[in-house]
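The values are calculated or read from the model by the stated rules, or taken from the named source; none is laboratory data. Bear in mind that the values here come from a model prediction, so they are computed numbers and not experimental data. Glycine also receives a Cβ, built like all others from the backbone with ideal geometry; neighbour counts cover every protein chain displayed.
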């Protein structure tokens, strides 16, 4: 009996030893790579932002000028997201928002959109989607220029009824055979613009919000 | 270890016991990422790296691990190695990480890694175990690359699309448009294309084996010991 207890204790100690060793290796790698990971994530984000915010529109460090905004039904987000503000000589010129179209053909479509201070869209891009390759994926800029139809559009020029694909009586082109995908995106972009209208002042407030952001 | 052993390890990994088309282990990533050559080869090489590292790190400690807990310990070590590779890729090959990201953790569950550790590294010393990992990993990479090339050419008419994600911006012009003005063939890109392609690869390998066997049998007079050996292979 004693022998069994001793051998199982030994086995347990053995397992604990490997678990501790594994934890040590993992945490070392985590801390070694953390800065590089943050940097490459920011570089990718900046590249995306530069695509939709013309570089003539800002002179600030746009990646650092961020504001966290709570989950919002209009943006389709269920978590806090980050808005980036573009400023030229201290004056707000545009804001970059994240938005989610929840009703794509195969689930959620994540978007980023840049809205100029006057409520005009500077550009929209799809960040992640699961639409059918070859059919619904023309929303990617690498596949087609469809997504650029949003450039320059605003809710001042287009009424609610216009924010629909042509098939539904709206103003937005779509490709035959894949209407659900663009329908979802058009709807999400319109809702994001409504969000912008409602929260315009909050979005452009305080250049460097210190830790106590107003919720 | 001598040259013959090394040769055997590589012959087994790349051809005779190829994990992708003979052992049929690790089909989950095989089918999921083989839609282009670059994706397939990249995940194959990441798997080969993990297999080599896990072989090399498990072989030296094999005598200290009690038999009853060897499986959890092996899985723990493999999981650590995979996570380390994931962090490194996330930090230094971000573009590729975005494409392969969700499949990298799946290397842990890829049964080929545990299978080789259990079948080879737990019975051999570090160097042959590492080589076995590399050979098996390269065998898998070859299958992923071949399947990726098939699906990419038939599905999209290109070759090496997305290579700039793996090798940086300088590789942007390396994409080959094998069939100009190709409209695309969706079936090859979607999962069924992977099953059909894999089936064709397996059939191709069996056909080559059969042919080699018949050749060996048809001239038994010239090569004295050929037929019994070939019959086994």
Scan segment A:34-45 and give yes if some residue there is touching a strand residue (DSSP E or B) at 6+ places or on another chain (Cβ under 9 Å), more than 9 Å from every other protein chain (Cβ to nearest Cβ), without any contact (Cβ under 8 Å) to a residue 40 or more places away in the chain and surrounded by 12 or more Cβ atoms within 10 Å (Cβ to Cβ), otherwise no.
yes
Within segment B:59-93, restricting to residues that are facing another protein chain (nearest Cβ under 9 Å), in a helix (DSSP H, G or I) and more than 22 Å from the chain's Cα centre (by Cα), the one that is nearest to residue B:42 (Cα to Cα) is B:92
What number goes with the only condition from (1) surrounded by fewer than 15 Cβ atoms within 10 Å (Cβ to Cβ); (2) in contact with a helix residue (DSSP H, G or I) (Cβ under 8 Å, 6 or more places away or on another chain) that residue A:139 does not pass?
(1)
I'd like the residue in segment B:94-110 that is part of a helix (DSSP H, G or I) and closer than 11 Å to residue B:78 by Cβ and, out of all such residues, is farthest from the other protein chains (Cβ to nearest Cβ).
B:109
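Could we say that residue A:5 is away from chain B (no Cβ under 14 Å), at pLDDT 85 or above, more than 15 Å from the chain's Cα centre (by Cα) and surrounded by fewer than 12 Cβ atoms within 10 Å (Cβ to Cβ) here?
Criteria met by residue A:5.
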Per the filter on segment A:90-109, residues under 12 Å from the mean Cα position of the chain (by Cα) and closer than 16 Å to residue A:195 by Cα are A:96, A:97, A:98, A:99, A:100, A:101
Checking residue A:20 against (1) surrounded by fewer than 12 Cβ atoms within 10 Å (Cβ to Cβ); (2) within 30 Å of residue A:90 (Cβ to Cβ), only one condition comes out false. Which one?
(2)
Residue that is touching a helix residue (DSSP H, G or I) at 6+ places or on another chain (Cβ under 7 Å) and either modelled with pLDDT of 80 or more or within 24 Å of residue B:82 (Cβ to Cβ) (or both), where the choices are B:199, B:139:
B:139
What about residue A:158, is it within 25 Å of residue A:81 (Cα to Cα), surrounded by 13 or more Cβ atoms within 10 Å (Cβ to Cβ) and in the same structural domain as residue A:72 (by TED's automatic domain parsing)?
no
In segment A:47-141, which strands (runs of 3 or more DSSP E) lie fully inside it and hold 1 or more residues that are within 14 Å of chain B (Cβ to nearest Cβ)?
A:107-116, A:121-128
Odd one out for residue B:37 among (1) more than 14 Å from every other protein chain (Cβ to nearest Cβ); (2) crowded, with 18+ Cβ neighbours inside 10 Å; (3) within 29 Å of residue A:32 (Cβ to Cβ):
(3)
